[in-house]
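To start, the structure under review is shown below, and the notes come after it.
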Amino acid sequence: MQFDRCKKLFSNFDELQKLNILICGIGGVGGYALDCLYKSGIQNITAIDYDTFEIHNQNRQIGSEHVGKKKTEVFKKLYPNIKIIDTKITPEWIENFDFDKFDYIIDAIDDIPAKIALIKKTYPKVISSMGAAKRIDPTKIEITTLKKTHTDPFARILRQKLKDYKNLKVIFSTEEPIKCEMGSFIGVTASFGMALCSEVIKGYK
């Protein structure tokens, strides 16, 4: 059976299947979070993205061989049971969207104003990804609260702007970012996504 080994591992598998998950951003981090949740039997997944695949995505993103295609369209073909929302995630869109029906929101976006708006609107149901780029060691990944992050310049900005949300659950890396322009490694970005998936499953257990 498709999920037989998941059922053996998760005593509450039937309840897990009913979780309603929203994934904001299905790039190098969010795409692997979706893949992990989908293959673990989660039935209700909604993915939001607006971008198209570019050739420079091919080092780290699921579906990126479809250059020029919308990410949401490709993911709907790869994962037929998901729901997709093809839109740009902005503070204005977040303000007007109803997040109440979702059990968990995975924040895998890197636009700071939108990220801040999403966290403020959906806390404490949101789990937020910090910076995954410019790193090569997946063993340095940790899941903690925003107030306990360090090393990561991206997390530092959020700590300054979200002082009332210090207990926000986040995934971040303790590895010092490598000084380079736009560098990324699938070993880290995918591991961020897998860890986000695991945290949803552990949180519900």
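Brief remarks follow.
- Just one of (1) in a helix (DSSP H, G or I); (2) surrounded by 20 or more Cβ atoms within 10 Å (Cβ to Cβ) fails for PRO113. It is (2).
- The lone exception for THR87 - which of (1) in contact with a helix residue (DSSP H, G or I) (Cβ under 7 Å, 6 or more places away or on another chain); (2) within 29 Å of GLU15 (Cα to Cα); (3) hydroxyl-bearing (Ser, Thr, Tyr); (4) surrounded by fewer than 16 Cβ atoms within 10 Å (Cβ to Cβ) it fails: (2)
- Single residue of region 56-77 satisfying the filter (free of Cβ contacts under 8 Å to residues at least 40 places away in the same chain and touching a Leu at 6+ places or on another chain (Cβ under 9 Å)) that is farthest from SER184 (Cα to Cα): GLY63
- Evaluated against (1) in contact with an Asp or Glu (Cβ under 6 Å, 6 or more places away or on another chain); (2) hydrophobic (A, V, I, L, M, F, W, C); (3) part of a helix (DSSP H, G or I), PHE154 falls short on exactly one condition, (1).
- Only one of the listed residues (LYS121, LYS88, LYS101) is farther than 18 Å from GLY30 by Cα, in a loop (DSSP other than H, G, I, E, B) and not small (Gly, Ala, Ser). That residue is LYS101.
- For region 152-184, a residue qualifies if it is under 30 Å from LEU9 (Cα atoms) and either charged (D, E, K, R) or surrounded by 16 or more Cβ atoms within 10 Å (Cβ to Cβ) (or both), and the qualifying residues are LEU168, LYS169, VAL170, ILE171, PHE172, SER173.
- Candidate set from region 140-151 (those that are closer than 21 Å to VAL200 by Cβ, touching a helix residue (DSSP H, G or I) at 6+ places or on another chain (Cβ under 9 Å) and not aliphatic (A, V, I, L, M)); member that is surrounded by the most Cβ atoms within 10 Å (Cβ to Cβ): THR149
Bear in mind these aren't lab numbers, they're just calculated from the coordinates by the rules spelled out. Note that the coordinates shown come from a computational prediction; the quantities given were computed from them, not determined experimentally. Methodologically, a virtual Cβ is constructed for each residue, glycine included, from the backbone with ideal geometry; neighbour enumeration extends over all protein chains shown.
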